[in-house]
Amino acid sequence: MGNRINLLRLDYLFSVIVPLLIAIYLNDLNPFEHIDIIFGFGLLAITGNTWNDVIDMKNPEEKETLKRVEGYHPREIFTIGLGSFIFGITLLLRTCIENYINGIFLGIIILMVITYCKWIKPIPIINQIFLALSHVILPYFIIKIDATLYSIEFGELIFLSAFFTFAVMGQLVHEVIDKDAIRKHLNLRQCQIIIWIFSILTIILAGWAFFLMYDFYFLPFLFVPLGTMFVFRRPTESTQGVKDVGILIGNFLMIYFIALIIMKML
């Protein structure tokens, strides 16, 4: 039986927490006024991770998942996800009651995640766009609406677009390494071209956002895609190490924005 903490895949929490932190940073918000949303989405991320594993446990090709959940029955993994779902939804009730639009957005997010796990996951590119919308764009706007900010500036919109393409790029890299949907439908050369397209889009949009907002703290969003393009400079198989580096950089990004938010509060 594996490590209990590994079942939660906490190292992936950055994928839902970072968009919330960016919304807080860009709009000069007090994070403690939205702490229930941050923890709520963190718990829902655990639900997504565990319930996705329940589905993957039926697939003998998902060796990484089968190793992680070795010794556990699907109903036990499902129960873990159910517990985090109940706690997460309860934490998000406050903003949904105060702002009915957030209730609608949360319902859309849940529906999109379920649809992804059941039907969209095997469809290359579309699956990652689906994830980026549900994990990046909608949570970002939930924070804004919770702060009663109903408009978006042009520079903020361009940066959010850059972060969207950045998220899709990262997930595509993840899929190529794990030999998931995109590798089952496209060859390595085609995967390389698609990853380069999203990397270049991220660089262009992030550079544009930097000049519009003139915030040098966004410069890392220019360098990470360059690293991705270097890794995929040739259409060759990538190692597990590349995936681990990406996960660590995602967690560095989370720490980075926590530091920026704290700095603004001091």
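The values are calculated or read from the model by the stated rules, or taken from the named source; none is laboratory data. A quick note: this is a predicted structure, and the numbers were derived from the prediction, not measured. Heads up, the Cβs are rebuilt from the backbone with ideal geometry, glycines too, and the neighbour counts pull from every protein chain shown.
Looking at region 224-241, can you tell me whether even one residue there is under 24 Å from Val16 (Cβ atoms) and in a loop (DSSP other than H, G, I, E, B)? Within region 224-241, none of the residues are under 24 Å from Val16 (Cβ atoms) and in a loop (DSSP other than H, G, I, E, B).
Looking only at region 201-221, filter to residues that are at pLDDT below 85 and surrounded by 16 or more Cβ atoms within 10 Å (Cβ to Cβ); which one of those is nearest to the chain's Cα centre (by Cα)? Here the residue is Phe221.
Each row is one residue, and each column tells you yes or no for (1) under 28 Å from Ile182 (Cα atoms); (2) of a type outside the set (A, V, I, L, M, F, W, C); (3) under 18 Å from the mean Cα position of the chain (by Cα).
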| residue | (1), (2), (3) |
| --- | --- |
| Glu70 | yes, yes, no |
| His73 | no, yes, no |
| Ile77 | yes, no, no |
| Leu82 | no, no, no |
| Arg94 | no, yes, no |
| Gly103 | no, yes, no |
| Ile114 | yes, no, yes |
| Asn127 | yes, yes, yes |
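In the set (1) within 15 Å of the chain's Cα centre (by Cα); (2) within 29 Å of Arg233 (Cβ to Cβ), Tyr140 fails one condition alone, (2).
Of all residue pairs spaced 6 or more apart or on separate chains, those with beta-carbon atoms under 6 Å, a first member in region 240-263 that is over 30 Å from Lys179 (Cβ atoms) and in contact (Cβ under 8 Å) with a residue 24 or more places away in the chain and a second member that is surrounded by 12 or more Cβ atoms within 10 Å (Cβ to Cβ) and not hydroxyl-bearing (Ser, Thr, Tyr) are Phe257/Leu21; Ile261/Ile24; Ile261/Pro31. Within region 5-17, residues that are touching a residue at least 60 places away in the same chain (Cβ under 8 Å) sit with their Cβ atoms under 8 Å from residues that are outside any helix (DSSP H, G or I), at 6+ positions apart or across chains, in these pairs: Leu7/Val69; Leu7/Tyr72.
Every residue in region 134-177 that is polar (S, T, N, Q) and under 26 Å from Ile195 (Cα atoms), please.
Pass one, region 134-177, residues polar (S, T, N, Q): 134, 148, 151, 161, 165, 171.
Scanning region 134-177 gives Ser134, Ser161, Thr165, Gln171.
The single condition among (1) β-branched (Val, Ile, Thr); (2) under 22 Å from Val18 (Cβ atoms); (3) surrounded by fewer than 18 Cβ atoms within 10 Å (Cβ to Cβ) that Ile37 does not satisfy is (3). Here Glu237 fulfils each of the conditions (1) surrounded by fewer than 17 Cβ atoms within 10 Å (Cβ to Cβ); (2) at pLDDT 85 or above; (3) acidic (Asp, Glu) apart from (2).
Among the residues here, Thr50 does not qualify as of a type in the set (Ser, Thr, Tyr) and free of Cβ contacts under 8 Å to residues at least 12 places away in the same chain.
On inspection, Ile89 does not qualify as farther than 17 Å from Pro19 by Cβ and modelled with pLDDT under 90. Cβ-Cβ contacts under 6 Å between residues 6 or more apart (or on different chains), taken from a first residue in region 186-197 that is modelled with pLDDT of 90 or more and aliphatic (A, V, I, L, M) to a second residue that is part of a helix (DSSP H, G or I) and surrounded by 16 or more Cβ atoms within 10 Å (Cβ to Cβ), are listed as Ile195/Leu172.
Among the criteria (1) touching a residue at least 12 places away in the same chain (Cβ under 8 Å); (2) within 30 Å of Ala181 (Cα to Cα); (3) surrounded by fewer than 16 Cβ atoms within 10 Å (Cβ to Cβ), the one Gly107 does not fulfil is (1).
Where helices (runs of 4 or more DSSP H) fall wholly inside region 23-127, the ranges with 3 or more residues that are within 17 Å of Tyr12 (Cα to Cα) and in contact with a Gly (Cβ under 8 Å, 6 or more places away or on another chain) are 35-56.
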